[in-house]
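> The structure's right below; bear with me while I get my questions together.
Nothing in this text is a laboratory measurement; each read-out follows from the coordinates by a stated rule. Please read all numbers here as calculations on a predicted model, not as lab measurements. Backbone-built Cβ (ideal geometry, glycine too); neighbour counts: all protein chains shown.
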Amino acid sequence: MNQAKLSPIRQQRQRSFTLRQRLPHWSTLLLWAGALLVMAGLLLPTVYLLIRAFETSEAALQIFMRPRTWVIIGNTTGLALAVTAVSALIAVPIAWLTVRSDLPWRRFWAVVTPLPLVIPSYVGAYLYISALGPRGALQQLLEGLFGITRLPSIYGFTGALFALTLMCYPYMLLSVRAALMRMDPSLEEASRSLGHNATTTFWRVVLPALRPALGAGGLLVALYTLRDFGAVAIMRFDTFTRVIYLQYSSFDRSQAAFFALLLIGLTLVLVTFEAQTRGAARYAHASGAVARPPTIIALGRWRWPAFVFCALIVSLSLVLPLTILIYWLVRGLLAGEQMGNLGSAVWNSLLASGGGALVTVLAALPLAVLVVRRPGRFTALIEQMAYSAFALPGIAVALALVFFGISYARGLYQTFAMLLFAYAILFLPQAFGALRTSLLQIHPGLEESARSLGYRPPQVFLRVTAPLMRPGLLAGASLVFLTAMKELPATLLLAPLGFRSLATEIWSAVSEAFFARAAAPALLIVLLSSVPMALLSLRERRGMS
Amino acid sequence: MSLVSCEGLSKAFGPTCAVDQVSMTIQPGEILALLGPSGCGKTTVLRMLAGFEAPDQGTIALDQRLVAGPGLHVPPEERHVGMVFQQHALFPHLNVGLNVGFGLRGKARERQAQVQAMLKLVELDGYERRMPHQLSGGQQQRVALARALAPNPAVLLLDEPFSNLDADLRTTLRVQVRTILKQLGTTALFVTHDQEEALFMGDRIAVMQAGRLEQLARPQELFLAPATRFIAEFIGLAAFIPATVTAAGLATELGTVAQAIDAPVGTSVDMLVRPDDLELSADPQGNARILRCTFRGGDFLYDVALASQRTLRCVCNHVHEFAPDTRVQVTLAPGHPLAWFHPLQ
């Protein structure tokens, strides 16, 4: 009986061996075809915008020469730089205090300070506006107490800087914290034994050793700011994303397309700049494992000022927005705000994010398999491109797809499929990263032994690789799911007519200043975004113990 | 006049006592090896000398100056000690030249000259522009040595500096390091758990065990006259055979050894017998049987079973080879007084 079961595999094996002399296995061809298709899709928005700009090169040049264009470039880069700088000023002290000092309630601050990550920028901006803006909670409070009817305006650069910094600094905080925890304590001891005191050692050894983490965290913050649409739109500050959206709404197409291209250019310049400056000094520890945990430094009389600093940042970035959110929610409920639409918005959000997660993971799969299992110059290029999609601003991709749809794919324009395509482009890096990591953990020997036992590549993939990759597939899919749930600009521009998701619901309510109506969907989004954050902090704590 | 002296050093981490009443001195120009199994407290002693830990009790004087004691803790940067770490701890953002010059003050030209001199000393001249990650493990450790020596420290502390390197490199590097230290006349404390390394590097060796200093002596002395059973077993191969004190000497299963010891007649003691204290000869009526034979290149190491079922180990040069189960005659021929201990209860 065993013999009968075994024999077909053997025959197949011989057959495939003779076939392999002539051409690669069909599954290999399928893999490459899939990967090339995904790459083409990835390039489509940028290439299309480029072609468009060339076709109307005269008009494009004219736009480029306008002073207004340069004001927007200045606004955008200025805001990105300012948000990054202020984030560093917040993140570095908090990271150092929570890892290296005897700050009171150290563990509590370590858990709480990264939490503002769960607030999407448009939700945060809406909450700050409704708290600190005209007729906001603060003004009403002050009017009741002191009769103050006007506050300094929060709109514009100040508001955008304020909101974005308080929502972005955790990116830098997390990367600096991780670097501080990994740092070899003997570096500082070496410096001390060479005659430098604690302060000099911080400036000459600790801070330079943190540079890669600051660079990586700074890149995340600056990219977030460049791509952000929600906060700048709500704060009415003219950066590229807001101007592109306004022009799109007023049907000034060629200018919007050209601005989208400029914005992509700006993000790519930033990514290359960061990679260049990192260049010469690689900071990997030759030894890898650190034997000892970080040493704790007594703050002395600075203990309580440091405590106040942490408390201030947390109350501005977390307590204030959440209080305001609950305030609006309660007020809305008391005023009989209708929650009827919420059900369909939740359903649409789930549908779009679920579909987006599925499509994105499927798109990332061939890329990850090729990059990990067939390392080479071309697959290295694939890897770089997959990650560079991270620099693509949602609004630019969405706009490119809108124009592409109108001109070449009428049937797809304003369909669900187009929205999923945009999600796949925007969130490919996250899915790719998760799949790549899980594939790297699967030893190729497992696949090879399955091959030597008579299975052909597609069978090996289904029976060995895929089951082992399941955690990675799930992680990638849930990451994309939760990010897509928060996505605003592409959903606004590409969703079918009448499609209302949680994100668009908040947007339309806030645009019309119905603050109470936005509260319930905003709370739902914040709660959903908390899930990956909770997992992340669990993992960090497990890593520490 | 000693360069380093500790008196009654103790240090506890929570409930565990890491270092317990350790006193030692290091003479100028001497290399003292601090040897012990991992977790014995040797690194804590070194870190107290460097100033990274404060002793709970006891005092430390470096170069006649009290640096740690009740109510006194001179910070590491003011102690003028050099330190070489297990994981070399080179600053990853600085090149070799800047690493070596990190602890130097003064005019740029003088610092540069000192950096050059140090790199020449560790045979890495021409490497100033390299980044640490571009160097091999041995080169990194040599840069770390140059960096620690550059400011002319009063004493150099080395914390298992070779333990992250592979065996070959470790041997060549320790020759190099000892030559350099002796050439400069540096006073050094060298922490290791590897007794071969300690025997090679140390002018004297301090053996620690469970936080206590068991013995501080020249290597030969540790070997011939170990102060405790622990040291006897820790250094070299050791076996104990019971003996009784008689008027003629010490009576053992292998005959009487003519050695007078300071104990009344009739006392039972355990004698320390090392493989080279025994001689083997083929003898069908012999008092022992070969259990196992290990060829060690230059010689054979035999495990032999005595009539009492006690096993001993003896070394024979590579001319004689006995197969397992061969009957042999084992004779005690130490050529020096044997160390002895009171039997374990």
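> For the protein assembly as shown, compute Rh as the Kirkwood radius over C-alpha pairs and then the Stokes-Einstein diffusion coefficient at 20 °C and 1.002 mPa s; write the answer in µm²/s, rounded to an integer.
Details: Rh = 33.5 Å.
Using the Kirkwood radius from Cα pairs, D works out to 64 µm²/s.
> Local charge sum around B:HIS336 (other residues, Cβ-Cβ under 13 Å, Lys/Arg +1, Asp/Glu -1)? Mind showing how you got there, number by number?
Numbers: positive: B:ARG274; negative: B:GLU221, B:ASP276, B:ASP277.
Surrounding charge for B:HIS336 is -2.
> At most 14 other C-beta atoms within 10 Å and a DSSP loop state: those are the exposed GluC sites (Glu not before Pro) I care about. Give me the longest piece of chain B that has none.
Working: sites that count: B:GLU123, B:GLU321.
Counting only loop sites that pass the neighbour cut-off, the longest clear stretch is B:124-320.
> What are the ³J(HN,Hα) couplings of the range B:290-299, residue after residue, when phi is run through the Karplus curve with 6.51, -1.76, 1.60 and θ = phi - 60°? Round to Hz, x for glycine and proline.
6, 9, 8, 10, 10, 7, 10, x, x, 8
> Here is a follow-up. Between the range B:77-134 and the range A:429-482, how far is it from one alpha carbon centroid to the other, in angstrom?
Answer, in whole Å: 46.
> Counting only residues 5 or more places away or on other chains, whose amide H sits under 5 Å from the amide H of B:GLN215 once H atoms are built in the peptide plane?
Those lying under 5 Å, H to H, from B:GLN215 are B:VAL207.
> Could you order the peptides B:60-66, A:322-328, A:93-99 from most to least packed, using the average number of other C-beta atoms within 10 Å per residue? Could the numbers behind the result be given before it?
Numbers: B:60-66: 17.0, A:322-328: 18.9, A:93-99: 22.7.
By packing density, highest mean first, the sequence is A:93-99, A:322-328, B:60-66.
> Using the Cβ atoms and a cut-off under 15 Å, what net charge is assigned to the surroundings of B:ALA282, where Lys and Arg are +1 and Asp and Glu are -1? Could you put the intermediate results ahead of the total?
Working: positive: B:ARG289, B:ARG327; negative: B:GLU279, B:ASP283, B:GLU321, B:ASP325.
For residues surrounding B:ALA282, the net value is -2.
> Relative contact order (percent) for chain B, with alpha-carbon contacts under 8 angstrom and 6 or more residues of separation? Intermediate values should be presented prior to the final figure.
On the way: 721 pairs, mean separation 54.0, N = 345.
Dividing the mean separation by the residue count of chain B yields 16 percent.
> Just tell me the longest site-free run in chain A, where the sites are trypsin sites (Lys or Arg not before Pro) in a DSSP loop having at most 10 other beta-carbon atoms within 10 Å. Intermediate results must be reported in sequence, preceding the final value.
Working: sites that count: A:ARG22, A:ARG150, A:ARG410.
Within chain A, the longest run free of exposed trypsin sites (Lys or Arg not before Pro) spans A:151-409.
> Let me ask you something else. Using only helices, what value at 222 nm comes out for chain A when you add -39,500 (n - 2.57) per DSSP H run of length 4 or more and divide by the total residues, to the nearest 500 deg cm²/dmol? Walk me through the numbers on the way to the answer.
Working: 26 runs with 409 residues, N = 545.
It lands at -25000 deg cm²/dmol.
> Let me know the number of lysine pairs in the protein assembly as shown closer than 28 Å at the Cα, not counting same-chain pairs under 8 apart. Numbers along the way, then the final one.
Details: B:LYS11/B:LYS42; B:LYS42/B:LYS182; B:LYS107/B:LYS120; B:LYS120/B:LYS182.
Total qualifying Lys-Lys pairs in the protein assembly as shown comes to 4.
> Taking a label point 7 Å from the Cα of B:GLN112 along the Cα→Cβ vector, which residues of the range B:126-162 have an amide N closer than 18 Å to it?
Under cut-off, by backbone N: B:126-130.
> Separation of the range A:213-260 and the range A:353-415 by C-alpha centroid, Å?
With the range A:213-260 and the range A:353-415 each reduced to a Cα centre, they are spaced 20 Å.
> If I model a spin label as a point 7 Å beyond the Cα along the Cα-Cβ vector, how far apart are those points for B:VAL175 and B:ALA12 in nm?
4.8
> Also: Kindly state, to the nearest 0.05, the FRET efficiency for B:SER23 paired with B:GLN309, given R0 = 45 Å and r defined as their beta-carbon distance.
Values: r = 43 Å, r/R0 = 0.95.
Plugging the Cβ-Cβ distance into 1/(1 + (r/R0)^6) gives 0.55.
> Another question, if that's okay. Would you mind checking which residues have amide H under 5 Å from A:ASP102's amide H? H placed 1.01 Å from N; only 5 or more apart, or other chain.
Residues meeting the criterion, in which the H sits 1.01 Å from N, are A:ILE297, A:LEU299.
> Whole angstrom only: what separates the Cα centroid of the range B:284-314 from the Cα centroid of the range A:92-154?
When both Cα centres are located, 80 Å separates them.
> For A:LEU474 and A:LEU412 in the same chain, what is the full-extension length gain: residue separation times 0.36 nm, less their Cα-Cα distance, in nm? It would help to have the intermediate numbers written out before the result.
Working: separation 62, 0.36 × 62 = 22.32 nm, distance 2.88 nm.
Answer, rounded to one decimal: 19.4 nm.
> In whole percent, what relative contact order does the range A:344-471 give with Cα contacts below 8 Å and a gap of six or more residues?
Working: 97 pairs, mean separation 42.0, N = 128.
Taking the mean separation of contacting Cα pairs over the length of the range A:344-471, I get 33 percent.
> Using Cα pairs closer than 8 Å and at least 6 residues apart in sequence, work out the relative contact order for chain A, in percent. Mind showing how you got there, number by number?
Values: 657 pairs, mean separation 110.4, N = 545.
In percent, rounded to a whole number, it is 20.
> For n ≥ 4 DSSP H runs only, could you compute -39500 (n - 2.57) per run for chain B, divide by its residues and tell me the 222 nm figure to the nearest 500?
On the way: 8 runs with 78 residues, N = 345.
About -6500 deg cm²/dmol.
> Tell me which DSSP H helices of chain A clear both cut-offs, 27 Å or more of axial length from alpha-carbon atoms and a mean Kyte-Doolittle hydropathy of at least -1.0. Provide the component values of the computation, followed by the final result.
Working: long enough: A:2-20 (28 Å, -1.40); A:26-55 (40 Å, 1.57); A:67-100 (48 Å, 1.25); A:157-182 (36 Å, 1.24); A:253-278 (38 Å, 1.10); A:342-373 (45 Å, 1.60); A:416-440 (33 Å, 1.62); A:466-486 (30 Å, 1.10); A:515-544 (42 Å, 0.98).
Helices meeting the span and hydropathy rule in chain A are A:26-55, A:67-100, A:157-182, A:253-278, A:342-373, A:416-440, A:466-486, A:515-544.
> Please identify the helices of chain B, taking whole runs of DSSP H, that span at least 24 Å along their own axis as judged from the Cα atoms and have a mean Kyte-Doolittle score of -0.5 or higher.
Membrane-span-like by this criterion, though nothing is claimed about a membrane: B:167-184.
> Give the Debye-formula value of log10 I(q)/I(0) at each listed q (0.24 Å⁻¹), with one equal scatterer per alpha carbon of the range B:239-341, two decimals each.
Normalising to I(0) and taking log10 leaves -1.26.
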